[in-house]
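The values are calculated or read from the model by the stated rules, or taken from the named source; none is laboratory data. Predicted model only: the values in this text are computed from it and were never measured. A quick note on method: Cβ atoms are made from the backbone with ideal geometry, for glycine too, and the neighbour counts reach across all protein chains shown.
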Amino acid sequence: MTKTKTKAMTRTRTRTTVSTKTAASTKTAARKAFLVAALAGALVLGAAAPAPALAGAEGPSGGARISTAFSLPGAKVYPEGIAADPRTRAVYVGSYADGTVYRARPGQAQAEVFLPAGTDGRHTANGLRVDAFGRLWVTDSTQGVAVYDTATRTLLARFEVAAGTSARFVNDLTITPDGTAYLTDSIRGVIYRVTPRQLAAGSGVLTEAYDLTPALRPRPAGTFSLNGITSDRAGRYLLAVDMTAGDLYRVDLRTGAVRRVALSGGDLKAADGLDLAPDGTLRVAHNVTNTLTRWQLGADGTRARLTRTVTDPSLQIPTTLARVPGRTLVVRSQFDKGGPMNPGTGTPTTFTVASVRGL
């Protein structure tokens, strides 16, 4: 082969490689732009809607005591998800902006980076949960969910939305007593499932377990529906919130029946994270209204009554929450300070997680 032909082929391969990388970069940028637009649309819609008539407030903070639990290092964190490990008392927080996962050990004033941005190709870190075996589940809204060993930081398993599914936003997750994980898709209106057997296999496509779209109220194009999800400690049902309509849905894990929970005293508009205690107390973070609410569920989970409201601007767009002994930890996302609510507008302060007592 002549030197001229070799050089020509080298130039051709170089152009092809550059073209492929450019196309992949363009596709990633377009996907992120779409997701940011969808999230911003949902949040703005929630902000534009009139605040619900919430009962039980006692002044700006509803009588609760709000302080800072710990801070997160970084200038553009925009945290979204949180999970507490009851065995080690460590708390994990995920960044919506780049997929970084932080860990705060007991007594630490500042969290440390547990999984750096882009780990295993992850673009975001939305919902987080620690299961009974100390495994950390991290959803990536653009792909699916990854599972890590919290002791070694080793990737144990990864599950992704089926190829060809263009519009998706894998958001939050819950884990039932039998070890099955359920995840919401805010765009598609479905709940995915990962069973212990699938987890043992280590990888696969996310299974669509429940399609809630027939039950959901109509919503404007480009806005989200399902967001936060939780489950009862007996493994009877799931609860998933429609943040745009303000509805809560109950999914029967035995029959698959889907029904809207009867709410009294308020609604769940702009509701993001959910936390259900064993006694039936449901705590909710409402993002754009800087509000936390507490509800009492009926014995079968078909009814919920509002019992307390905390509204305070110091919550800084709370996206989700985790109950730990004596207090509730709340993620201060600051999405409105140059984040997905207002890209390029505003400057965030130090990113922190709030400690709320009295909710």
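Annotation: of all residues in region 156-177 being of a type in the set (D, E, K, R) and out of contact with any Gly (no Cβ under 6 Å at 6 or more places or on another chain), the one that is surrounded by the fewest Cβ atoms within 10 Å (Cβ to Cβ) is 158.
Of the numbered criteria (1) surrounded by 20 or more Cβ atoms within 10 Å (Cβ to Cβ); (2) modelled with pLDDT of 95 or more; (3) out of contact with any Gly (no Cβ under 6 Å at 6 or more places or on another chain); (4) not aromatic (Phe, Trp, Tyr), the one residue 101 fails is (3). Can you tell me which residue in region 269-327 is farthest from the chain's Cα centre (by Cα), limited to those that are of a type in the set (S, T, N, Q) and in a loop (DSSP other than H, G, I, E, B)? Ranking the candidates gives 302 first. If you go through region 144-179 and pick out every residue that is part of a loop (DSSP other than H, G, I, E, B) and within 19 Å of residue 102 (Cα to Cα), you end up with 5. Considering only residues in region 147-198 that are more than 26 Å from residue 236 (Cβ to Cβ) and of a type in the set (S, T, N, Q), the one that is modelled with the lowest pLDDT turns out to be 166. List, please: which pairs have Cβ atoms under 6 Å, are six or more places apart or on different chains, and start with a residue in region 122-150 that is more than 17 Å from residue 198 (Cα to Cα) and end with one that is aromatic (Phe, Trp, Tyr) and assigned to a loop (DSSP other than H, G, I, E, B)? Listed by first residue and then by second, the contacts come to 124/96; 141/169.
Close Cβ contacts (under 7 Å, 6 or more residues apart or on different chains) running from residues in region 86-98 that are on the phi < 0 side of the Ramachandran plot and touching a residue at least 60 places away in the same chain (Cβ under 8 Å) to residues that are of a type in the set (D, E, K, R) and assigned to a loop (DSSP other than H, G, I, E, B) comprise 90/105; 97/76. Restricting 230, 281, 289 to those that are free of Cβ contacts under 8 Å to residues at least 40 places away in the same chain and among the β-branched types (Val, Ile, Thr) reduces the list to 281. Against the definition (within 27 Å of residue 90 (Cα to Cα) and crowded, with 23+ Cβ neighbours inside 10 Å), how does residue 304 come out, yes or no? Against the criterion (within 27 Å of residue 90 (Cα to Cα) and crowded, with 23+ Cβ neighbours inside 10 Å), residue 304 does not qualify.
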